[in-house]
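Note sheet for the following structure.
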Amino acid sequence: MVQTMETDSFFTSELVLQETARLVDITVDTLPTRCKKIIKLSLLGYKNGEIANELEITLNTVKAQKKIAYRKLRFQLREHMAALAHIFLP
């Protein structure tokens, strides 16, 4: 296990994972308040119905807000993901 952790591949994978998580967190924080709450709950593993119950909104509102949020996230993260792939992946 220790030998595996010491490999360049392991550190590169961890670096990519951490950097990706950091970029997603930063980008999620730029979303409008309702979208941000919904996406954060979704990232924690909540299902759409659970999110609707937690935030006291309709299921259709959750779905619509997620669609808006994912569109914005894809747009904002596309340049970062391409750069990360170019830098860290062979």
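Read-outs: derived from the displayed coordinates by stated rules, not from any lab. This structure is a prediction, so every number in the text was calculated from the model and none was measured. All Cβ positions, even for glycine, are placed from backbone atoms using ideal geometry, and neighbour counts span all protein chains on display.
Listed values, structure above:
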read-out	value
Top-ranked residue in region 20-40 [being of a type in the set (A, V, I, L, M) and either part of a helix (DSSP H, G or I) or in contact with a Pro (Cβ under 6 Å, 6 or more places away or on another chain) (or both); ranked as nearest to L55 (Cα to Cα)]	I38
Residue pairs meeting the criteria (Cβ under 6 Å; at least 6 apart or on separate chains; first within 11 Å of A69 (Cβ to Cβ), in region 27-52; second assigned to a helix (DSSP H, G or I) and acidic (D, E))	none
Hits in region 62-84 (condition: free of Cβ contacts under 8 Å to residues at least 12 places away in the same chain, more than 15 Å from the chain's Cα centre (by Cα) and within 17 Å of R34 (Cβ to Cβ))	A64
Residues located in region 33-58, provided they are farther than 21 Å from A21 by Cβ, exposed (fewer than 13 other Cβ atoms within 10 Å of the Cβ) and not acidic (D, E)	T33, K47, G49, T58
Given (1) loosely packed, with under 15 Cβ neighbours inside 10 Å; (2) more than 12 Å from the chain's Cα centre (by Cα); (3) not acidic (D, E), number of the condition Q18 does not satisfy	(2)
